[in-house]
1. With Gln11, Gln40 as the choices, which residue is at pLDDT below 95, more than 9 Å from the chain's Cα centre (by Cα) and of a type outside the set (Val, Ile, Thr)?
2. Name every residue in the chain that is in contact (Cβ under 8 Å) with a residue 24 or more places away in the chain and among the hydrophobic types (A, V, I, L, M, F, W, C), in order of residue number.
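The values are calculated or read from the model by the stated rules, or taken from the named source; none is laboratory data. Given the structure is predicted, the values throughout are model-derived calculations rather than measurements. Methodologically, a virtual Cβ is constructed for each residue, glycine included, from the backbone with ideal geometry; neighbour enumeration extends over all protein chains shown.
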Amino acid sequence: MFERLKVLYEQGAINEVGLSKAVIKKWITEEQKQQIVTAQ
């Protein structure tokens with residue numbers, strides 16, 4: 001799920017709010033969210 005969300009974020013299909021929702025749903029961890037956001 002991490003890789004898929006990373007690609008979606010890079011493509012602009014989801015934003016940081018979407019990533020936060022993924023953390024709440026336990027699809028990714030908060031640390032993984034930070035990795036995706038800071039990779040840009």
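1. So the residue among Gln11, Gln40 that is at pLDDT below 95, more than 9 Å from the chain's Cα centre (by Cα) and of a type outside the set (Val, Ile, Thr) is Gln40.
2. Within the chain, Met1, Phe2, Leu5, Trp27, Ile28, Ile36, Val37, Ala39 qualify.
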